[in-house]
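The values are calculated or read from the model by the stated rules, or taken from the named source; none is laboratory data. Predicted model, so just to flag it, every value in this text is computed and none were measured. Note: ideal-geometry Cβ built from the backbone for every residue, glycine included; neighbour counts use all protein chains shown. For the accessible areas, the whole protein counts, side chains as well, though only heavy atoms, and no ligand, DNA or RNA atoms are used. Shrake-Rupley method; radii C 1.70, N 1.55, O 1.52, S 1.80 Å.
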Amino acid sequence: MIRVLVNGANGRMGRTVCEAVKNDPDLEFVGGVDVFGDGVERDLKTAIEKFQPQVMIDFTRPDVVLENVLTALNLKVAVVVGTTGLNDESKEKIRLAAESNQTPAFIAPNFAIGAVLMMLFARQAAKYLPDVEIIELHHDKKLDAPSGTAIQTAAMISEVREKHTQGHPDEVEKIPCARGAQIDGIRIHSVRLPGYVAHQEVIFGGLGQTLSIRHDSMDRNSFMPGVVLAAKKVLDLKGLTVGLEKILD
Ligand code: NAP
């Protein structure tokens, strides 16, 4: 049994994660942490000292996740991070903390297997269809934009795509940001509306054809098999690992 602490335990994802951990025979739910502390601990360091977890799962907020992760790693607790919004500089700090504490860290911008497959298929398609735009759609309580999944998808496409300029060179945005955000020339459009959970469409355009690769998380349970798998595998990893695809068989 691996002893697991859930940080952000009273949040939308956190509540589902607590149930998933409790229902898994190989994981032991030792406690939860949340700022308002309704039925759980309020302070991460106190909770770690009290519950002595081997793994901390974090689904909190983009503005506090780095501090949470460094606190856990410095106390030699392995981390599984679902919270999005970590930039490259923060990931580098996490990598250094994981290495210096000899305690593994795992981050996945998306724990849904379907979303991971969408990213892998998009990387494959981009070799042949380099003109691509991403539309990501999420619930209106999401704090960060674009989504971590969209950023990761663009990064994976960039790995295989030759330097490429797309769209009309004389294109004019009559209203700023009309064409969305940009990563390595790949446009990303973020939709925030009630009703959505987490969705993404990667659209490729070619001569006389388009290809759409779409993934929809209809329910937060879609992320749970990935979170549970990461909690079981993280102790066998070293340093920082990013992406669910790295731990799938
Ligand atoms: P949420 O409902 O706002 O949950 C976050 C919880 O963390 C809230 O209860 C929040 O309390 C609490 N919190 C804030 N600061 C904290 C701190 N310092 N210590 C402990 N708890 C703290 O958000 P959510 O929808 O569950 O999403 C959480 C994160 O997961 C987001 O970054 C989201 O993008 C990400 N996410 C990732 C995946 C994935 O597969 N990787 C999937 C879905 C969501 P307050 O409400 O009082 O601030």
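Here are a few things to note about the model shown:
- Pair list, Cβ < 6 Å and 6+ apart or interchain, from the range 111-125 residues that are assigned to a helix (DSSP H, G or I) to residues that are within 14 Å of the ligand (Cβ to nearest atom): GLY114/HIS215; ALA115/THR149; ALA115/HIS215; VAL116/LEU244; VAL116/GLU245; MET118/HIS215; MET119/THR153; ALA122/THR153
- All positions within the range 126-163 that are in contact (Cβ under 8 Å) with a residue 60 or more places away in the chain, small (Gly, Ala, Ser), within 15 Å of GLN182 (Cα to Cα) and outside any loop (DSSP other than H, G, I, E, B): GLY148
- Filtering ILE151, ILE157 for residues that are buried (at least 18 other Cβ atoms within 10 Å of the Cβ) and either over 16 Å from GLN124 (Cβ atoms) or of a type in the set (Lys, Arg) (or both) leaves a single hit, ILE151.
- The set of residues in the range 213-240 being surrounded by fewer than 20 Cβ atoms within 10 Å (Cβ to Cβ) and of a type in the set (Ser, Thr, Tyr) is empty.
- All conditions but one from (1) outside the structural domain of ALA20 (by TED's automatic domain parsing); (2) touching an Asp or Glu at 6+ places or on another chain (Cβ under 8 Å); (3) in contact (Cβ under 8 Å) with a residue 40 or more places away in the chain apply to GLN166; the one that does not is (3).
- Of all the listed residues (ASN10, ASN23), the sole one being within 23 Å of the chain's Cα centre (by Cα) and either without any contact (Cβ under 8 Å) to a residue 12 or more places away in the chain or open to solvent by 80 Å² or more (accessible area, probe 1.4 Å) (or both) is ASN23.
- Taking (1) open to solvent by 30 Å² or more (accessible area, probe 1.4 Å); (2) more than 14 Å from the ligand (Cβ to nearest atom); (3) under 28 Å from ALA150 (Cβ atoms) in turn, LYS76 satisfies each apart from (3).
- Filtering the range 65-97 to residues that are under 16 Å from LYS45 (Cα atoms) and either without any contact (Cβ under 8 Å) to a residue 12 or more places away in the chain or among the acidic types (Asp, Glu) (or both) leaves only GLU67.
Table: residues versus (1) away from the ligand (no atom under 16 Å from the Cβ); (2) buried (at least 24 other Cβ atoms within 10 Å of the Cβ); (3) modelled with pLDDT of 95 or more.
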residue	(1), (2), (3)
VAL81	no, yes, yes
GLY85	no, no, no
LYS93	yes, no, yes
PHE121	yes, no, yes
GLN124	yes, no, yes
LEU129	yes, no, yes
GLU136	no, yes, yes
